[in-house]
Structures are given as C-alpha cells and as structure tokens.
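Q: Have a look at the structure that comes next, please.
Nothing in this text is a laboratory measurement; each read-out follows from the coordinates by a stated rule. Everything numeric in this text was worked out from a predicted model, so none of it was measured. Positions of Cβ are generated from backbone atoms using ideal geometry, with glycine treated the same way; all protein chains shown enter the neighbour counts.
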Amino acid sequence: MQGIPQPGRTEVLQLPRVHISRHPVMAHKMTLLRNKETPTSQFYRLVKEIGSLIAYEATAGLALREKTIETPLEQMQGYKLAGGIGITPILRAGLGLAEGFREVLHDVQIWHLGLRRDERTLQALEYYNRLPHKVDLQICYAVDPMLATGGSAIDAVNILKAKGIKRISFVCIIAAPYGLLKLSEAHPDIDIYIAALDERLNDQGYIVPGLGDAGDRQFGTF
Ligand code: URA
C-alpha cells in the first residue's frame, strides 16, 4: 500500500450500509482475539464465537413467514424464516466465521469459494467453487474475517451476483477504511457487517493494529 492514499476512519463511518458492532461482549472477545499471546485453539474458538455474535446482528432484518403451531396448551401463530440462507466462506480464512454462523442458523447452505488474484491481470481466479446449480435463497452472506484492500470481497460479491443472488451481505471481523470504501463503492447495494474498524493498511497490506494473518492464526500455519 506504499504511496497509495488511504481514507481515515471518520471518512468511512458515514457510509450508509456499514454496520459496526457496539456489543460489549464483542469488544471483550475482540481484545482476546487480537492479543498475539492467544494460542491457535483459542483463536479459532473466538472466531467462531464472534461469527455467532455478528450473525445475530447481520440477521436482524431477515424476512419471516407466518407458521401455525400447537403449543402444549393451544394453537398459536409463530414464524419461520422466509426462504433459504446461504453462507459463502472465502477460503480459507472464512471457514471459522461460517462455522459461527452455523451455530445460529442451522439450516443453511455453505457455498465454499476459493479466490486468488492473478497479479498480472488483477482478475479474480477461482481455484475452488462449490456454488450450487440451483439457487433459491432469500440472502447470501459472504464471510471473510479481514477486509483489507477489498479485492477478494468485491470479486466474491461479483460472483454471487452473477449467480443471480439478489440480496447479499458481507461480514467480516476487522475492516480497514480503504477496503470498506472500495467494497461500498463497488457494491453500494449490499450491507456490510463488521466487528471492528481499524486504522489503516501497512505497506504489506496487513490491517493495523489488526490481528495478524487470520488464516495462519486459525489453522496454526505460521
Ligand atoms: N488478511 C489477514 O489475514 N490479515 C490482514 O491484516 C489482512 C489481510
């Protein structure tokens, strides 16, 4: 990111479809997650727990359908979620977040997506794609813990849109202002849920203060 101007936090706080968690339990778990002393096993568990917390926030606007049931006492009008829910973990770092979502929403489709950038053409290369042929969802959540430059996030949303998904949200743990702005500009029609907004990207493209490499820290590949 050397020489590339980056927006500050205040410049992106006003973006209309960005939702930043204000939950105190989230702030507590985020501090544990960021700490370099946190071992891999705890790190992975925290990513899943944070995934579950953010899933509650990101699903608050889901559509419902009425459903009549019998309680042990009488009949009543309840609800069920209207339509299927998809989760697209961007490999490999998105896997822990997807598991956290699954703890909250059991009945989901997991659409794995492996993306890599061709450094020459800057085009997205899919090295893995398990999106189904039949698409019938009310929403798909693309999940990746770190929104750094925004490249993979933009590519993933492009792929989901090309598949015919009408409603998409992007979910991450930490965003840099640069990536957040790029994703919002490329896809102004999606909601973006984040647990924390950090300061900037360093010259190597890492989010600062961040948490390091989210994939390595989840899977112990240092
Ligand atoms: N990906 C990571 O895992 N960490 C960062 O800080 C940026 C991108």
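Q: Considering the range 167-197 alone, what residues qualify as being within 10 Å of the ligand (Cβ to nearest atom) and in contact with a Lys or Arg (Cβ under 8 Å, 6 or more places away or on another chain)?
A: Result: 176, single match.
Q: Taking the stated definitions as given, is residue 135 free of Cβ contacts under 8 Å to residues at least 60 places away in the same chain and touching a His at 6+ places or on another chain (Cβ under 7 Å)?
A: no
Q: On the given criteria, is residue 138 surrounded by 14 or more Cβ atoms within 10 Å (Cβ to Cβ) and of a type in the set (S, T, N, Q)?
A: Yes, satisfied.
Q: Name the single residue that is surrounded by the most Cβ atoms within 10 Å (Cβ to Cβ) among those in the range 93-118 being in a loop (DSSP other than H, G, I, E, B) and within 16 Å of the ligand (Cβ to nearest atom).
A: 94
Q: Looking at (1) in contact with a strand residue (DSSP E or B) (Cβ under 6 Å, 6 or more places away or on another chain); (2) loosely packed, with under 12 Cβ neighbours inside 10 Å; (3) not in a strand (DSSP E or B), which one does residue 152 not meet, given that it meets all the others?
A: (2)
Q: Under 7 Å by Cβ, and 6 or more places apart or on different chains, what pairs join a residue from the range 1-29 that is within 18 Å of residue 192 (Cβ to Cβ) with one that is part of a loop (DSSP other than H, G, I, E, B) and not aromatic (Phe, Trp, Tyr)?
A: 9/199; 17/190
Q: What's the number of the condition residue 88 fails, among (1) crowded, with 19+ Cβ neighbours inside 10 Å; (2) under 14 Å from residue 214 (Cα atoms); (3) among the polar types (S, T, N, Q)?
A: Condition not satisfied by residue 88: (2).
Q: Test residue 160 against the stated conditions and say whether it is touching a residue at least 40 places away in the same chain (Cβ under 8 Å), buried (at least 24 other Cβ atoms within 10 Å of the Cβ) and within 16 Å of the ligand (Cβ to nearest atom).
A: For residue 160, the condition - touching a residue at least 40 places away in the same chain (Cβ under 8 Å), buried (at least 24 other Cβ atoms within 10 Å of the Cβ) and within 16 Å of the ligand (Cβ to nearest atom) - is not met.
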